[in-house]
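Quick notes on the structure that follows.
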Amino acid sequence: MHFFTRKGKTLYAEGVSIEKIAKEAGTPVYIYSNKTLKRHYHAFDAAFKTAAHIICYSIKANSNIAVLKTFADEGGGFDIVSAGELFRALKAGADPRKIVFSGVGKRTDELEYALRKNILMFNAESPGELRALNAAAKRLKKRAGFAIRVNPDVDPKTHPYISTGLKKNKFGIPFETAIEEYVYARKNLRNLDPIGIDCHIGSQITEMPPFADALKKTKELLKKLRAEGLAIKYLDMGGGLGITYDTEAPPQPSKYGEAIIKETTGLDVTLIFEPGRAMVGNAGILVTKVIYTKDTPSKKFIIVDAAMNDLARPSLYGAYHAIKVVKETGRPEITADVVGPICESGDFLAKDRLLPEVKSGELLAVMSAGAYGFSMSSNYNARPRAAEVMADGNKYKIIRKRETLEDLIRGEKA
């Protein structure tokens, strides 16, 4: 559910005309709906209202501090994968005791920074990380709560680049050796407290069985760890719940919550969830202006001012994003590729897409672009990154200024 709808022939972000935003903020521009962000947070929160839980939004999906502040103000926590994300979360007013630190390659300085900020828990992904975390905690005279991210070898049936729970993936520690590492840490790593289990299997998952299979294995591990005398208090199920880009029909948070609660009742743990895409994906769009149209003997092209540096997902994953004209014109539909100005054949937003015929200067809205859109954008081809805007009722504000040419060389020396 989102709040990008038509009023007459024109697309609106909540109560604000997208034409108005594009005219004043320029293009390309990312536009987010505050009302949608809040709705999605509360959909997850309500899904687990009968269980002790923390909703830790996964910052990597969209790290703008206005987005983070929206979730922090609603009582949410955060899942981070870098010191930079922790810095952003704290700037947005996050409660450190609702922050979990994931990621396979945490540096020593990042561990120390998070320890100083007294975050809730580190999701450790290797024996080496556990030892580095203990050494950092000892140097700082701190204790570090940790969970081991266990790899359940469950196929999430998603794109291979965003699958994280198979044996061949770089993430986590195999179930078979996780118990040994927990017991070793308790006996030998005296500045660590084993307080949780973490299990995240991938992203854009649209079926319940992979979650159920992972949870079944995680419950078995919890039972064994408690038999070893470990006081496990948190069960982190990660994120991964998909959204509708095209024809996908992922479970609603309510159904997801119902299934998870049924399987975890009586375990005496606080559940942690790390939704990212499901919180912000459909809460954002990328608006782009048509520069030229071009016909060749074999193709029609719509050349726009947004490119693969602005939205990498189509080029990187072959991902589908619906594209809508911002203002309906009544012209007939054509089949065309929507492409950007970058000097790569892989620079496209859509291929062979049926769209109304458009003209130079008209606007297109690339839907479901709130997750892994701006956060994955770059300055490739020396292109300044887009502005970001938050719509809130009948108003909007620019939450990140468009980069300038001077911004492109900031920090460089000839």
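Since every read-out is calculated from the coordinates, none of them should be taken as a lab result. Just so it is clear, the model here is predicted, and its values are computed rather than measured. Because the Cβ atoms are built from the backbone with ideal geometry, glycine has one as well, and the counts that use them run over all protein chains shown.
In terms of Cα atoms, the Rg and Dmax of the chain work out to 22.6, 72 Å. Any idea how far apart Asp95 and Glu406 come out in nm if each label point goes 7 Å out from Cα toward Cβ? Calculated label separation equals 4.2 nm. According to the Kirkwood relation over distinct C-alpha pairs, the hydrodynamic radius of the stretch 322-380 is 13.0 Å. Ranked by how many other Cβ atoms sit within 10 Å of their own Cβ, fewest first, the residues Cys343, Cys199 fall in the order Cys343, Cys199. Rounded to the nearest 20 debye, the dipole size of the chain about its Cα centre is 920 debye, using +1 on the Cβ of Lys and Arg and -1 on the Cβ of Asp and Glu. Taking the dipole about the Cα centre of the stretch 103-273, with the C-beta of Lys and Arg at +1 and of Asp and Glu at -1, give me whichever of Pro127, Pro174, Phe273 is farthest to the positive side. Value: Pro127. Of the GluC sites (Glu not before Pro) found in the stretch 209-310, the ones in coil according to DSSP and having at most 13 other Cβ atoms within 10 Å of their Cβ are Glu228, Glu248. Electrostatic bookkeeping for Ile334 treats Lys and Arg as +1 and Asp and Glu as -1; over the other residues with beta carbon under 14 Å from its beta carbon, the sum is +1. Computed on the Cα trace of the stretch 274-337, the radius of gyration divided by the Kirkwood hydrodynamic radius gives Rg/Rh = 1.01.
Note on Ser368, Ser315: ascending count of other Cβ atoms within 10 Å places them as Ser315, Ser368, the fewest first. Cα centroid separation, the stretch 18-83 to the stretch 111-131: 25 Å.
Extension gain for Glu24-Thr177 works out to 49.4 nm (0.36 nm per residue, less the C-alpha to C-alpha distance). Hydrodynamic analysis of the stretch 257-307 uses the Kirkwood radius over alpha carbon pairs. Inserted into Stokes-Einstein at 10 °C and 1.306 mPa s, it gives a translational diffusion coefficient of 100 µm²/s. Only alpha carbons enter this Debye calculation for the stretch 103-273, each as an equal point scatterer, and the log10 of I(q)/I(0) it gives at q = 0.15 Å⁻¹ is -0.83. Using the rule -39500 (n - 2.57) for each DSSP H run of four or more residues, divided by the residues of the chain, the 222 nm mean residue ellipticity is -8500 deg cm²/dmol.
Viscosity 1.306 mPa s, temperature 10 °C: give me the Stokes-Einstein translational D for the stretch 306-414 in µm²/s, with Rh taken as the Kirkwood radius over C-alpha pairs. Using the Kirkwood radius from Cα pairs, D works out to 102 µm²/s. Among Thr265, Thr244, the ranking by other beta carbons within 10 Å of each residue's beta carbon, starting with the fewest, stands as Thr265, Thr244. One decimal place: the segment Arg226-Thr270 gains 14.3 nm when fully extended, by the rule 0.36 nm per residue minus the C-alpha distance. When the alpha-carbon atoms of the stretch 193-251 are used, the pair Rg, Dmax equals 14.2, 48 angstrom. Which stretch or stretches of the stretch 350-380 have amide N atoms under 18 Å from the point lying 7 Å from Thr335's Cα along the Cα→Cβ direction? Residues 350-358 fall inside that zone.
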